[in-house]
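First the structure, in the form of structure tokens, and then the observations on it.
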Amino acid sequence: MTLRSLILSAALAGLASACGATASMTIDQAAQQAPNSPADGLRNAPLGQEAALADLALARQTLESLHPGYSRYTAKPALDDAWREAELAVAAEPTFATLYREISRVSAQIRCDHTKAELPEAFEAARDKSPIYLPFRFKVFDEAIYVVDPGTTPGLTRGDRIISIDGTPAEAALAAVYALFPVDGDTDHIKPASVSDFGEFIGPAFEHFYPFLFDISPTAELQVDGAGGKVFAVTADRLSFEAYRAMTGEARFSANFVDAIRFEPIGETAAYLAVDTFINYRRPVEPDSVYGPVFERLAAEGRDRLILDLRRNGGGSTDAQVALLQWLMPGPFRQADAVLVRTLTVADDVRPHLSSWNEAALNPDPSWFSEREDGFFEIIAPFAGKPPASIAAKPAAFTGELVVLTGPDNASGVTHLLAVLEANDRATFVGAPTGGAATGATAGVLAMLTLPASGIKVRVPLQRTVIANASALDPRGGITPDVLAPATLASTLEGTDPAMAAALRLLSLD
């Protein structure tokens, strides 16, 4: 079986078995009509116009009715226009890729980092085996793609700038991917730094979305601006996900809170602590069993200056986040004022397609909520998610000078933590502006909507947190550091760390 047929077969079989859908043509017919490239199987997997439009309509109905931040950043008329544009695109080309691309595009316009479209497992597995990934690592600076690790690609050197990929200018490719990449509020500034990193997509966001936007083949034709301004061509063999991951050394979705702590003393009176994730649900531990020894050592050794590095942390579990605040705040504090939901009712035609790790959230008890004047429902039952009026600091909490390193990977619960520190003037922030919603993310409990014809899964947040003292925070952004010290092309190529250097200077440790 050819690679193209393999992708089509696995993808369509997965769609049909997952939801009982019937493709509008046979697999063989689709394969015969597909041009000779591995991504065309993904692009041309047929759904039929009626089925594709029904899936799109269900996604719209669910997000409009349940998402508590649906029109928080983008006005509903603008979102109505986005859905209409999506309908036209899907009606004109009712394929899996068009539907996935258009749902992703509208989701990105909602401007909620937790609202994403996911691929069906069978489709994802087949896609992982196809040569889609560029065989080198890159970073984006000033809207240009620079090679930071050429891998084994002949002709490429660290620092080369990619001018075009298969004839598409690099800037145009980035812009197309950015349009599908969800962020919270007005934090588009994080996209250049985040698009090339591993996250919640299949590899980097750039290469997750790229096959749904452009024709690709097993080899990539690159135009490269090399040393001394010399422009040359490179032909590079694309990699499967497994081969790409082996090249980069990245482990997909493998980070766990228990393994994410790095601590180093600095001199006699200072220390460095990195917490790279708050994800504490795959290998759960009591957070104090991780934090306690660190902060007890700080106290025992009399270290009164701490650099807390959160730059690799994108969020995770509330317990790991709140526990860290308890070790950092000098006294009792309030993390959130309220947790809100949009509605207490799930439509009968939506409910069969929804699931959640917290099924009670899909059939909530009305006594858990109080209706507000703005139409939202506020959680008033502690066991259902009501935030406590006050959270106690740990008896041995760190009360010395705190510098926190921030960056574009920060979002969700990390931005919540930073917002509490900011609102209480507890730390000096150094680094780059963050993502996330400082006044409170639309997240909490998530539902998963499985679209019946395509098998595409859409994450639907059911709760919105209102951070305490939100009026003092940016209503449409994350956290802007007090000392700007972002990574640059020069620092990346040289292997230096501007933020760490700035933090050491700030604490007179350089």
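Within the range 148-170, not a single residue is under 25 Å from the mean Cα position of the chain (by Cα), among the hydrophobic types (A, V, I, L, M, F, W, C) and part of a loop (DSSP other than H, G, I, E, B).
Within the range 164-173, is even one residue at pLDDT 95 or above, surrounded by 17 or more Cβ atoms within 10 Å (Cβ to Cβ) and within 16 Å of Ser104 (Cβ to Cβ)? Yes - at least one qualifying residue is present in the range 164-173.
Here is the figure for the range 450-497: residues that are closer than 30 Å to Gln61 by Cα and free of Cβ contacts under 8 Å to residues at least 12 places away in the same chain total 0. Within the set Ser508, Ser491, the sole residue that is more than 17 Å from the chain's Cα centre (by Cα), open to solvent by less than 40 Å² (accessible area, probe 1.4 Å) and more than 17 Å from Gly315 (Cα to Cα) turns out to be Ser491. Identify the residue in the range 109-138 that is part of a helix (DSSP H, G or I) and open to solvent by 10 Å² or more (accessible area, probe 1.4 Å) and, among all such residues, is nearest to Leu66 (Cα to Cα). The selected residue is Gln109. Looking at the range 55-79, which of its residues are open to solvent by 30 Å² or more (accessible area, probe 1.4 Å) and assigned to a helix (DSSP H, G or I)? Scanning the range 55-79 gives Ala57, Arg60, Gln61, Glu64, Ser65, Lys76, Pro77, Ala78. Filtering Leu402, Leu417, Leu446, Leu421 for residues that are within 21 Å of the chain's Cα centre (by Cα) and surrounded by fewer than 24 Cβ atoms within 10 Å (Cβ to Cβ) leaves a single hit, Leu446. Within the range 411-435, the set of residues being of a type in the set (S, T, N, Q) and outside any loop (DSSP other than H, G, I, E, B) comprises Ser412, Thr415, Thr428.
For the range 339-387, a residue qualifies if it is in a loop (DSSP other than H, G, I, E, B), open to solvent by 90 Å² or more (accessible area, probe 1.4 Å) and closer than 16 Å to Val466 by Cα, and the qualifying residues are Glu373, Lys386. Selection of the range 291-319 for residues being small (Gly, Ala, Ser), in a loop (DSSP other than H, G, I, E, B) and touching a residue at least 60 places away in the same chain (Cβ under 8 Å) yields Gly314, Gly315, Ser317.
Rundown of residues vs (1) of a type in the set (D, E, K, R); (2) more than 23 Å from the chain's Cα centre (by Cα), yes/no style:
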position	(1), (2)
Leu58	no, yes
Leu66	no, no
Leu79	no, no
Arg84	yes, yes
Thr95	no, yes
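For Ala300, the criteria (1) open to solvent by less than 40 Å² (accessible area, probe 1.4 Å); (2) over 17 Å from Ile279 (Cα atoms) hold in every case but one, which is (1).
In the range 283-303, the condition of being out of contact with any Ser or Thr (no Cβ under 7 Å at 6 or more places or on another chain) and under 19 Å from Gly407 (Cβ atoms) is met by no residue. Against the list (1) over 28 Å from Phe376 (Cα atoms); (2) in contact (Cβ under 8 Å) with a residue 24 or more places away in the chain, the condition Phe333 fails is (1).
For the range 85-108, a tally of residues being touching a Ser or Thr at 6+ places or on another chain (Cβ under 7 Å) and either open to solvent by 30 Å² or more (accessible area, probe 1.4 Å) or of a type in the set (A, V, I, L, M) (or both) returns 3.
The values are calculated or read from the model by the stated rules, or taken from the named source; none is laboratory data. Remember, predicted model here, so these are calculated numbers, not experimental data. Backbone-built Cβ (ideal geometry, glycine too); neighbour counts: all protein chains shown. These accessible areas exclude ligands, DNA and RNA; they are computed on the full protein's heavy atoms, side chains included. Shrake-Rupley method; radii C 1.70, N 1.55, O 1.52, S 1.80 Å.
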